[in-house]
Every structure is written in C-alpha cells, then in structure tokens.
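Heads up: the structure comes next, in structure tokens.
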Amino acid sequence: MASFKTVMKSGHPPTLFAAFLYFDFCFAIWVLNGAMGPFITETYKLTPAQTGFMISLPILAGAIMRFPLGVLAQYIGRKNAALTEMGVIVLAMAYGFFFVSSYNDVLAMGVLLGIAGASFGVALSLGSGWFPPEHKGLAMGIAGAGNSGTVLAVLFAPPLAQMYGWQAVYGFAGVVMLVPIAVMIALAKEPPDCHGQSFKDHISCLFTKDGWAFSLIYIITFGGFIGLSNFLPTFFYEQFSVTKVEAGRLTMLAALMGSGIRIVGGYFADKLGGVAVLSVVLLAAVAAFLALTVNPSLAATTILFMFCFAALGAGNGALFQLVPLRWPNNTAVAGSMIGEIGALGGAILPNVMGLSKQYTGHFATGFVIYAAFAALVLGCLALWQRNWVGSWVGPRGKALTAASTEQNGKLQTATA
C-alpha cells in the first residue's frame, strides 16, 4: 500500500481517475453489440457468419479510428480530444435509439460504436502523462483497466435488453455517457509531457520495426481480449444453451478477471520487466487456447476463459509499460497505432470463430489458430528483446536510469 501511495504522489491521481472512467465507459459502449449479440441474432435470424461479422464491425471501426484520434490529441490536447470524442458518442447513441430497425442499421451502428473504441491511446497517455517513467506501467495499467467496461456491458445490457428491448440500451448508454464527460471537465488536467514535434515526428513510430513488433504482440493480448469479450455471449449461448442473460454473466466473470489483472500486469512489469511478464503470459495464453479445444464442461470452460483473460489482461498491462519507454515524447500516437493494429486482431477473431462454427460445426479451429499465432509471436519476442535490452530498455524490460531514458528520446525517430 505504501508503494501504491508513493506512485500516486508522483503524479496526478484525479487525471488518472478521469482517464480510467473515460476509457471504462467508452469501452462499455464499444462492445454493446457483442453484449447484445444473442438478442440481435434472434431478432434478424442471423447465420453464425453474419453474427461474427456484426460483432467484429465495431472492433474494426474502432481500430481504424484510434490512430487519427491519437494524432489529433497531439495537436488539441488529450483532454480536449477525449471530450470531443465523448460528445460525438452521445450523438451516435441517439441514432441507435431512434433509427436502428434492420440488420443493415445494426451494421451502421457498429461503425458508430467504433468511435468509442478509438479512446484507447488517448486515455492511457492522458492518465500516465503525469507520472515518471518508473511508474508509468502501473499508471497505464490503472487507466487501461477501463477495459472493465466490458463487464458493465455484459452485466447490464442483456437485462436491460430483455426488459426494454435491445434498441433502448443505446439510449441508456447515451445518457450514462454524460457521467465521464462531467468528471473529465471537473478533474482532468492536460499532462506536461507534451513536446513540440512535427507531424513526421508524430508518425515516426509507423516506420520502426519495434512499432510493428509491439502491434503483433498486442494482436494476441488485446485482440484476444476484445475479440473474445464480444464473442463470448454468443459462444456461451450457442455452445451450452444458457439464457441470454446467463451468457452475459458468464462473460462478465472472464472479462472482470482480465480487466483487474491488467493493473497487476503493469505493476509487475515495472518491478520485473515488461519483456519477462509478456513471455510468461503469452505462454499461458497458448496453453489456455489449446485447452479450450477439447470441449470442456460449462464450469471448466468458464474457469479456462477466466485464466485466459487473466493472461491476456496482464499482457496488455505489460506491453504498455514498454510503450512510453520506447516512445516517451509521443506515447499517445504510438499507443494509438499499436492499439489500432491490436484491435484489428480482435476484429478477426469473431469472424474466425463464426466461420469455424458454420463450416466445421464447432469452435475449436478458431482456438487452434489463435494458439498457433500466439506461439509464433512468443518465439519472435525472444528474438526481438535481444535488440531492445540495453538500447532503450533495461534487463527483462525494466526502465533504464533517468539519464538513459533522456537519451531514449533520440531513438523514437530512428528506424530499427
């Protein structure tokens, strides 16, 4: 506890809380169609492939919007970018409440839900911007724990959809979005870690091998988290014939584990090193995905998903302990780019799972594909870290000394 208090004193906790709440509510809205998947599927009699595409569309749209919002935040400020985004989200929810009445409308709404998914890089950079490098892993873990918005979505959306109709959930979401807007206005302060840079400097992370290496890792950790979070209500509903509300509650257990462990992942990444933590969690994810292919019981499946989400959540926290160390002067842009590619991986997963079910009669193929990809990235990480350690990061991925960290600023425009 004393250590946690020390970390909080080194930064600005009100801004960190505002960033967490902003990301939390945005994340909940981003996954609304996934949380209501069984209801929408039943309403329009969708095939498994159609359901997978419908669920993946908000993820895809959110991924595409992340990088532009991150660049915008470098010019108008992260707080202003967050407020602008949340205002647009309220308007999007009004469209969902008043105008969605067909499957094509649901797809259009999926694109609008993607606006909420763009919040990632801005939220993490805003929340951690006040904290020194040695504590950024924990600060980013706390801000990133806003992916617990998945828990809010799967916990509240199904019961509300059952009572009032699933279209009404968009209206409830729009009203609730006013809460993080008010908190952001009242508590958040723009961090002082802003540097005058050209547009070329901002997007330099696009042209480094490290940026794409981070993105591949994030496809596994965050892509797996968001993809499964969206698809699990449909998975539980179809695989075990539970009720729609029960499917949401089972998903909540797994998502809650992944969200909470993200903070732990960031903390241990600060203490032990982000590379070391990532190596462990990727191995755990491979084991969990493979174990799910044997069609275990409902209880065992739920436990395996909780374990899998814990590994993915810790990996999310560990990876973003490394991001501000590699790109200290434009973390929002780098984080947005990595988040964009990672979220694209999440858009792939529901489609793979839907196609697997439709053409093979089971979901096992989708799990095997993701396990194989995670194993491949784990092997690549072992090679990548040889160039990282001693260059811009310390042993096992810990922060370098203050002097070395200052020199790291010169690295961000170099191509590895």
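No lab work stands behind these numbers, since they all come straight from the coordinates. Remember, it's a predicted structure, so these values are computed and weren't measured experimentally. Cβ: placed from backbone, ideal geometry, glycine included. Neighbour counts: every protein chain shown.
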*Run through all the Cα pairs of the chain and give the fraction in each 10 Å bin from 0, expressed as whole percent.*
5, 25, 34, 24, 10, 1, 0
*asked:* Over the chain, with a Gaussian network built from C-alpha contacts below 10 Å, which listed residue (Ala49, Ala299, Ala371) shows the highest mean-square fluctuation?
replied: Ala299
_Among Gly274, Gly315, Leu155, whose Cα projects farthest towards the positive end of the dipole of the chain, with charges put on the beta-carbon of Lys, Arg (+1) and Asp, Glu (-1)?_
Gly274
*asked:* Please give the charge dipole size of the chain, origin at the Cα centre, charges +1 on K and R Cβ atoms and -1 on D and E Cβ atoms. Round to the nearest 20 debye.
replied: 620
*Determine the gain in length on full extension of the stretch Lys209-Glu42; use 0.36 nm per residue of separation and subtract their C-alpha separation, reporting nm with one decimal.*
55.7 nm
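Which helices, taking whole DSSP H runs in the chain, have alpha carbons extending 18 angstrom or more along the helix axis plus mean Kyte-Doolittle at least -0.5? Walk me through the numbers before you get to the answer.
Details: long enough: 13-30 (25 Å, 1.36); 48-76 (42 Å, 1.16); 78-99 (31 Å, 0.99); 103-117 (21 Å, 1.35); 149-164 (21 Å, 1.30); 209-240 (43 Å, 0.72); 244-272 (41 Å, 0.61); 274-291 (25 Å, 2.70); 298-326 (42 Å, 1.46); 331-360 (42 Å, 0.72); 364-388 (36 Å, 1.24).
Passing helices, by number: 13-30, 48-76, 78-99, 103-117, 149-164, 209-240, 244-272, 274-291, 298-326, 331-360, 364-388.
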*Largest to smallest principal axis extent of the C-alpha atoms in region 214-358, angstrom*: 50, 26, 25
*Please find the FRET efficiency linking Tyr359 to Thr243, where r is the Cβ-Cβ separation and R0 is fixed at 22 Å, and quote it to the nearest 0.05.*
0.25
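Just list whichever of Lys209/Lys357; Lys189/Lys209; Lys244/Lys357; Lys79/Lys136; Lys9/Lys189 have alpha carbons separated by over 25 Å in the model shown. All intermediate terms of the calculation are to be shown ahead of the outcome.
Values: Lys209/Lys357 36 Å; Lys189/Lys209 33 Å; Lys244/Lys357 19 Å; Lys79/Lys136 18 Å; Lys9/Lys189 15 Å.
From the list (Lys209/Lys357; Lys189/Lys209; Lys244/Lys357; Lys79/Lys136; Lys9/Lys189), the Cα-Cα distance tops 25 Å for Lys209/Lys357; Lys189/Lys209.
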*FRET efficiency for Ala49 and Asn80, using Cβ-Cβ distance with R0 set to 30 Å, rounded to 0.05*: 0.15
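Can you give the calculated 222 nm mean residue ellipticity of the chain, where each DSSP H run of n ≥ 4 adds -39,500 (n - 2.57) and the sum is split over every residue, rounded to the nearest 500 deg cm²/dmol? Intermediate values should be presented prior to the final figure.
Numbers: 20 runs with 333 residues, N = 416.
That calculation yields -26500 deg cm²/dmol at 222 nm.
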*Which one of Ile115, Gly129, Ala168 is farthest out on the positive end of the charge dipole of the chain, using unit charges on Cβ (Lys, Arg +1; Asp, Glu -1) and the Cα centre as origin?*
Gly129
